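First up is the structure itself, then whatever we jot down about it.
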Amino acid sequence: NAGVTQTPKFQVLKTGQSMTLQCAQDMNHNSMYWYRQDPGMGLRLIYYSASEGTTDKGEVPNGYNVSRLNKREFSLRLESAAPSQTSVYFCASSGQSNTGELFFGEGSRLTVL
Amino acid sequence: AQSVTQLGSHVSVSEGALVLLRCNYSSSVPPYLFWYVQYPNQGLQLLLKYTSAATLVKGINGFEAEFKKSETSFHLTKPSAHMSDAAEYFCAVSSGQGAQKLVFGQGTRLTINP
């Protein structure tokens with residue numbers, strides 16, 4: 001049972017380069033999320049998608065775009081990477097039950113030089 | 001708006017000792033509260049959650065937490081620490097409505113001394 005799968009797991013970029021982080025879930029969940037994790041700051045929500053066809057900004061959306069490609073997939077794009085975007089990125093999903101549990105991928109470690 | 005404060009970014013206990021990780025929250029609506037654990041180089045996994053049922057919540061691996069509305073707290077405890085408990089622990093809050101936009105605390109790194 002794969003759960004939430006993120007690719008790539010590691011990436012090094014130069015300032016100004018672009019890249020897309022991919023996320024897919026196989027649990028038939030409606031909602032998907034992108035968080036970033038930085039030391040001493042916990043996890044902060046970048047964007048989320050409550051259901052297929054909708055996306056909304058979270059706490060720290062600047063410099064990012066997202067696409068909810070279908071119910072399974074939710075991608076995060078950095079159009080012009082900056083060193084401040086060096087972080088570990090986590091994708092998560094949640095189901096219809098509204099109990100609040102998020103299921104997380106294993107993370108993507110991004111370094112911007 | 002909702003927020004979470006975890007008291008202590010690092011906690012160190014001896015194997016077999018009590019584990020106490022502190023979490024205080026702020027919420028304008030009745031909160032849903034969660035504790036997640038993150039082992040090195042892994043994603044987060046749910047330890048336990050409070051969703052307005054019993055105030056004492058039991059989770060996996062012998063952990064439990066008590067919701068205290070008067071103190072706006074949701075502290076995590078385990079009677080006897082094990083070496084395998086070494087990890088980072090995150091407290092989180094949500095409104096429980098619609099998409100589960102969890103707000104996380106800063107995290108507490110738990111170290112177990114032999």
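Bear in mind these aren't lab numbers, they're just calculated from the coordinates by the rules spelled out. Treat the numbers as computed from the prediction; the structure is a model and nothing was measured. Every residue, glycine as well, gets a Cβ built from its backbone with ideal geometry; the counts of neighbours run over all protein chains shown.
Kindly state which strands (runs of 3 or more DSSP E) lie completely within region B:1-68 and contain at least 1 residues that are over 15 Å from B:LEU110 (Cβ atoms).
The qualifying strands (runs of 3 or more DSSP E) are B:3-7, B:19-26, B:32-38, B:44-50, B:56-58, B:64-68.
What pairs come up if the first residue lies in region B:1-19 and is within 11 Å of chain A (Cβ to nearest Cβ), the second is among the aromatic types (Phe, Trp, Tyr), and their beta carbons are under 6 Å apart, counting only those six or more places apart or on different chains?
B:VAL4/B:TYR25
Being touching a Cys at 6+ places or on another chain (Cβ under 6 Å) and facing chain A (nearest Cβ under 10 Å) is the requirement here; does B:GLY43 meet it?
When the stated conditions are applied, B:GLY43 does not pass them.
Inside chain A, counting only strands (runs of 3 or more DSSP E) that do not spill past its ends, which hold 3 or more residues that are aliphatic (A, V, I, L, M) and either surrounded by 13 or more Cβ atoms within 10 Å (Cβ to Cβ) or in contact with a Phe, Trp or Tyr (Cβ under 6 Å, 6 or more places away or on another chain) (or both)?
It comes to A:19-25, A:43-49.
Would you pick out the residues in region A:25-40 that are under 15 Å from A:SER94 (Cβ atoms) and of a type in the set (Gly, Ala, Ser)?
If the condition is that a residue be under 15 Å from A:SER94 (Cβ atoms) and of a type in the set (Gly, Ala, Ser), then A:SER31 is the only one that fits.
Of all residues in region A:13-34, which are within 15 Å of the chain's Cα centre (by Cα) and closer than 17 Å to B:GLY43 by Cα?
Passing the criteria: A:LEU21, A:GLN22, A:CYS23, A:ALA24, A:GLN25, A:MET32, A:TYR33, A:TRP34.
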